[in-house]
């Protein structure tokens, strides 16, 4: 056995053992393994083992040109596909100095925020299912379906979107889309209240999450935690506010925070983010301008100037960044994807020890990991 | 001010609107733990750590450390050129986030980090031979693949 796992044992209590959680386990939300060392039900140490779903996205980027890589980012995080797809286009647009028409910016904002809501809804359903509550899963997927239908009609895909283009979006939206979105917003505002009544007030849910999986304050800086996990610890940092990309600086929305840093705080932050996303969508729908949906002049050859650049966007899980090194050719010299789930899952050896096995499941669910994003 | 403390390393300010980071600098690999310590003390976090295979043009591996701060962004990119047969010092003891990033670089490029608590492959399987992100990488023949 690995010497790192040897712990000083109480002579009276020799029943520590190792348990593989995964690679095939419903609560790891994908193919991932956590090597747990347990004393009864209590976790002594935890070591995530990743890479089962490694698809070499970064290597792929090095043997195809910038346009050919366009379908890839949405496959990296399949739940926030739209945000990754748009983010990649924005990174290239900034490097190349391509201007995006107003209408395209608004369409992107609406699609991004709808995607964020659908991602949070999937998280809500699966997280509660991890905790043993099956009903909210059906409610959340019902609502998520409505968003997927709206986006499906516009983009042609339901999960791994490839909708954005360098300089705009691939297809224009019509009035029916705006009407559908407006109807959804009205409907969903009431629905959030229902979720809160069902979930937040539930005594079993509170018992399972309050005070569970508290991230120690020093983890924030040492592990570079971002997204809702960070905001649940009282740091009001959101890439959309800190370094606004696209036209996020034109919208009025709040960055919800909580201070406890436990599973319950992370839930509250995400529930409030649903509401804030609706606010952004409503503002964008009512202000949607007419005009072209893609830039008239986009260079035929995408060749960012020589040098490195970094661009990050706020994904549903945290700060997703792309470090693009260009050598002035058609093909990226190196494209590094900085994914939030990778940082968050690496905190597990520091967070899990001392908790119960059932709480380890709750912690894993509450940080909202997407395994393909960890493995890339 | 962080720039003063690292004045010997920070090369020049980078144009944020184009590059996405505010300052860039070059350091010798042996100075990296010292630099990381300064960033930790100043409240920065290690946002990203990556590597580039520049052996063909510059005969080096370029390690790229990106530090940032919460709130108003203060992104600092420190690069360190490492000759292909040298090892780099690990900063996992200073920033635990570097633990997995260094394992990833070891896995993908074969760069060895001295003082890393548990340097082993992270994304590729344990018995994999080769380092996939090297520019001269050739996929080794697999007994499980039919050609």
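Using 0.36 nm per residue, how much length does the chain from residue A:49 to residue A:287 gain when fully extended, once their Cα-Cα distance is taken away? Show your work: numbers first, answer last.
Details: separation 238, 0.36 × 238 = 85.68 nm, distance 4.68 nm.
That works out to 81.0 nm of additional length.
Determine, for each peptide in B:61-68, A:257-264, the mean count of other beta carbons within 10 angstrom over its residues, then list the peptides with the highest first.
Output ranking for B:61-68, A:257-264: B:61-68, A:257-264.
Can you give the mean number of other chain Cβ atoms that lie within 10 Å of the Cβ atoms in peptide A:42-49?
1
Size of region A:272-319 along its principal axes in angstrom, Cα-based, largest extent first?
For region A:272-319, the Cα spread along each principal axis is 42, 32, 10 Å.
How would you rank B:75-84, A:278-287, highest first, on the average number of other Cβ atoms within 10 Å across their residues?
B:75-84, A:278-287
Per DSSP H run of n ≥ 4, the term is -39500 (n - 2.57); total these for chain B, divide by its residue number, and report the mean residue ellipticity at 222 nm rounded to 500 deg cm²/dmol.
-5500 deg cm²/dmol
Would any residue of region A:52-88 have its amide N under 15 Å from a label point 7 Å out along Cα→Cβ of residue A:301? List them or say none.
Flagged as within label range: A:65-67.
Within 10 Å of each residue's Cβ, count the other Cβ atoms and sort A:327, A:249 from fewest upward.
Lowest to highest Cβ neighbour count: A:249, A:327.
Calculated FRET efficiency, residue B:16 and residue B:128, Cβ-Cβ r, R0 60 Å, to nearest 0.05?
0.95
Report the residue, chosen from A:307, A:246, A:213, that carries the largest GNM mean-square fluctuation when chain A is represented by alpha-carbon nodes joined by springs under 10 Å.
With Cα springs under 10 Å in chain A, the top fluctuation among A:307, A:246, A:213 is at A:307.
Using every Cα-Cα pair within region B:2-114, state what percent have a distance larger than 26 Å.
14 percent
Quick check: pseudo-label points 7 Å beyond the Cα along Cα→Cβ at residue B:26 and residue A:241, how many nm apart are they?
Modelled inter-label distance: 4.0 nm.
In cubic angstrom, how much convex hull volume per residue do the alpha carbon atoms of region A:57-375 span?
Dividing the Cα hull volume of region A:57-375 by its residue count gives 119 Å³.
Would you look at the GNM of chain B, springs on alpha carbons closer than 10 Å, and say which of B:36, B:88, B:14 moves the most?
Largest GNM mean-square fluctuation: B:14.
Given R₀ = 60 Å, what would the calculated FRET efficiency be for residue A:67 paired with residue A:357, taking r from the Cβ atoms and rounding to 0.05? Before the final figure, lay out each step's value.
On the way: r = 47 Å, r/R0 = 0.79.
Computed FRET efficiency for residue A:67 and residue A:357 comes out at 0.80.
Taking every residue in A:91-103, how many Cβ atoms of other protein chains lie within 10 Å of its Cβ, on average?
For this peptide, the per-residue mean of nearby foreign Cβ atoms is 1.
In a GNM of chain A with a 10 Å cut-off on Cα contacts, which of A:293, A:342, A:177 has the highest mean-square fluctuation?
A:177
If I fit a long axis through the Cα atoms of helix A:175-195 and take the longest principal axis of the Cα atoms of chain A, what angle between them do I get, 0 to 90°, rounded to 10?
Here the helix axis deviates by roughly 20 degrees.
Let's test the formula: R0 of 22 Å, r as the Cβ-Cβ distance of residue A:183 and residue A:134. What FRET efficiency results, to the nearest 0.05?
Working from the Cβ atoms, E equals 0.20.
Can you give me the distance in nm between label points at residue B:56 and residue A:175, each placed 7 Å from the Cα along the Cα-to-Cβ direction?
If labels sit at residue B:56 and residue A:175, their model points lie 5.5 nm apart.
Taking the 0 to 90 degree range and rounding to the nearest ten, how far is the long axis of helix A:135-155 tilted relative to the main principal axis of chain A, both from C-alpha atoms?
20 degrees
Helix-only mean residue ellipticity at 222 nm, chain A, DSSP H runs n ≥ 4 weighted -39,500 (n - 2.57), per residue, nearest 500. What is it?
-13500 deg cm²/dmol
Across the residues of B:47-56, average count of Cβ atoms on other protein chains within 10 Å?
The per-residue average across the peptide is 5.
Take residue A:327 and residue A:142, extend 7 Å from each Cα along the Cα→Cβ direction, and tell me the distance between the two endpoints in nm.
Calculated label separation equals 5.6 nm.
Please provide three numbers in whole Å: the alpha-carbon extents of region A:294-376 along the principal axes, with the largest listed first.
For region A:294-376, the Cα spread along each principal axis is 57, 27, 16 Å.
Where a number appears in this text, it was derived from the coordinates with a stated rule and is not lab data. Keep in mind that what you see is a predicted model, and the values were worked out from it rather than measured. We place every Cβ from the backbone using ideal geometry, glycine too, and count neighbours over all the protein chains shown.
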